[in-house]
Each structure stands twice: as structure tokens, then as C-alpha cells.
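Here's the structure we're looking at; comments come further down.
The values are calculated or read from the model by the stated rules, or taken from the named source; none is laboratory data. Computed from a predicted structure; not experimentally measured. Positions of Cβ are generated from backbone atoms using ideal geometry, with glycine treated the same way; all protein chains shown enter the neighbour counts.
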Amino acid sequence: MRHLWDLLLASGWTAAPLLLFSVVAIACAVERGLFWSRLSKRQPQVMRSALSALDSSPELAMEQLRRNINLPVARLFLEAMALEDASPEEFALAVEAGVQAELPGLKRFTNVFDVIVSLSPLLGLLGTVLGLIRSFASLNLGDIGGSNSLGVTGGISEALLSTAFGLIVAIGTLFISSIFRGFYVRELATIQEYAAKFELLHRRRAKPEVYATYS
């Protein structure tokens, strides 16, 4: 641990924001990991139960959805089912609006990850430039091997370490962001699948006079 701390100090002042970026990325990754883990474990069972209950007892389906209000799909279908005597077209529009309302929650921290991935290599490059400037400032051709050589080697060490640190933070954050982006794409497809099933069940249960009105 002390060796790692010495490396961070040797990386120059750019190590401070890079270290902050790494902490923020880890914190966001933990939150997103817990979110997607809870979603993948509970949502399929809840939605299968609600779909099976909707055809025979809409009240039971709504009660099951209310008990799982922290699930995005449960929230959007509760809002759609709350419409009284909704036509199939109105129900479909309500579901679509609910999907759009849930997208920001599913994409949470995506911009944070993108900013860290973009800025980390640039900060590493800035540290490289500053380290090289320090090396050249310490260079004295008439004093090769003298005391100023420590400044030269220190500047080169700072340049290399800051570059490596910036790339490590950027690559690690990009890997995490790619995993969560895949979860988001899969969840969006799942929501659309459940939405189609709910709309189909609603159309089957629609009153004949509603069909006549919108025919």
C-alpha cells in the first residue's frame, strides 16, 4: 500500500483528480451493480406473475405491481393500468410514455462514466507534458551525472507514471461502462417485450364499444 502511495505521489499533481475519478467510478459501479443485480433477480418473476394475473384479475395484477414499485417495469405498467376505460391506443401511448420516463433511471451515471473515460487520458497526457517540462528544466548539459540529474529522472518518472495512471483509470472505467451499457440494452428489449404482451392482453380485454369508437 505504501509503495502504491509513493507511485501516486511520484505521478505529480494530476494524480489527485485521477484518484478522485477512480473513486467516483468505483462508487457508481457499485451502485449500478446492486441495481442491475436486484433487477435481474426480481423482475422476471414479478412480471410473469403479473401477466398471468392480468387476464383473470387486473386488481390482483395491480396489487402485485404495487408491491414491487421499485422495479421500472412495475411503475410504468401501473401508470398505464391506472387509466380508466382506456382504449388500446391510449394504453399503448401510456406505456410508451412510461418507458420514456424510466430511461433516465436505467442510464444513470452513463454521462459520469463517459466524462471519466474522456478526461482521464487527457489528464495523464497533461502529467506527461508537465513531467517532461520539469525534466528539461532540470537538464544541464555541463552537469551530466550531477545533482540536477535527479530532477531529470524525477520528471521522466512523473511523465510515465501519470500517463499510465490516466490510461488505467480510463480503461477500467470504459470496461465497467460497457458492461452496464449492455445491461441497459438488454433491459430496454425486455421492457419492450413486456409492453407488447401487456398491450395484447389489454386489447383482448377491451370493451366492444371501445373498439367501435376507434374503428
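Within segment 86-99, not a single residue is more than 23 Å from GLN192 (Cβ to Cβ) and either in a loop (DSSP other than H, G, I, E, B) or modelled with pLDDT under 85 (or both).
Whenever a residue of segment 97-110 is farther than 15 Å from ARG181 by Cβ and free of Cβ contacts under 8 Å to residues at least 24 places away in the same chain, its partners that are in a helix (DSSP H, G or I) and among the aliphatic types (A, V, I, L, M), lying with C-beta atoms within less than 7 angstrom and at least six residues away or across chains, give the pairs GLY98/LEU76; GLY98/ALA80. Among the residues of segment 80-102, those that are surrounded by fewer than 14 Cβ atoms within 10 Å (Cβ to Cβ) and within 25 Å of the chain's Cα centre (by Cα) comprise ALA97, GLN100, ALA101.
Applying the criterion of being among the aliphatic types (A, V, I, L, M) and surrounded by 18 or more Cβ atoms within 10 Å (Cβ to Cβ) to the residues of segment 25-40, the residue that is nearest to the chain's Cα centre (by Cα) is ALA29. The residues listed here are LEU130, LEU122; of these, the one that is at pLDDT 70 or above and either more than 30 Å from ARG32 (Cβ to Cβ) or surrounded by 16 or more Cβ atoms within 10 Å (Cβ to Cβ) (or both) is LEU130. Take the conditions touching an Asp or Glu at 6+ places or on another chain (Cβ under 9 Å), at negative phi and among the aliphatic types (A, V, I, L, M) and apply them to ALA50. Does it pass? No; evaluated as a whole, the condition is false for this residue.
Scan segment 31-84 for residues that are of a type in the set (Ser, Thr, Tyr) and assigned to a helix (DSSP H, G or I) and the total you get is 4.
Here TRP13 passes the criteria (1) part of a helix (DSSP H, G or I); (2) within 30 Å of GLY166 (Cα to Cα) except the one numbered (1).
Consider GLY154 carefully, then state whether it is surrounded by 12 or more Cβ atoms within 10 Å (Cβ to Cβ), of a type outside the set (Phe, Trp, Tyr) and at pLDDT 85 or above. No; evaluated as a whole, the condition is false for this residue.
Could you tell me whether any residue of segment 51-63 is crowded, with 19+ Cβ neighbours inside 10 Å, closer than 23 Å to ALA189 by Cβ, free of Cβ contacts under 8 Å to residues at least 40 places away in the same chain and in contact with a helix residue (DSSP H, G or I) (Cβ under 7 Å, 6 or more places away or on another chain)? Among the residues of segment 51-63, at least one is crowded, with 19+ Cβ neighbours inside 10 Å, closer than 23 Å to ALA189 by Cβ, free of Cβ contacts under 8 Å to residues at least 40 places away in the same chain and in contact with a helix residue (DSSP H, G or I) (Cβ under 7 Å, 6 or more places away or on another chain), which makes the answer yes. When LEU139, LEU167, LEU174 are screened for being surrounded by 14 or more Cβ atoms within 10 Å (Cβ to Cβ), closer than 30 Å to ILE26 by Cβ and either in contact with a Ser or Thr (Cβ under 8 Å, 6 or more places away or on another chain) or at pLDDT below 75 (or both), only LEU167 passes.
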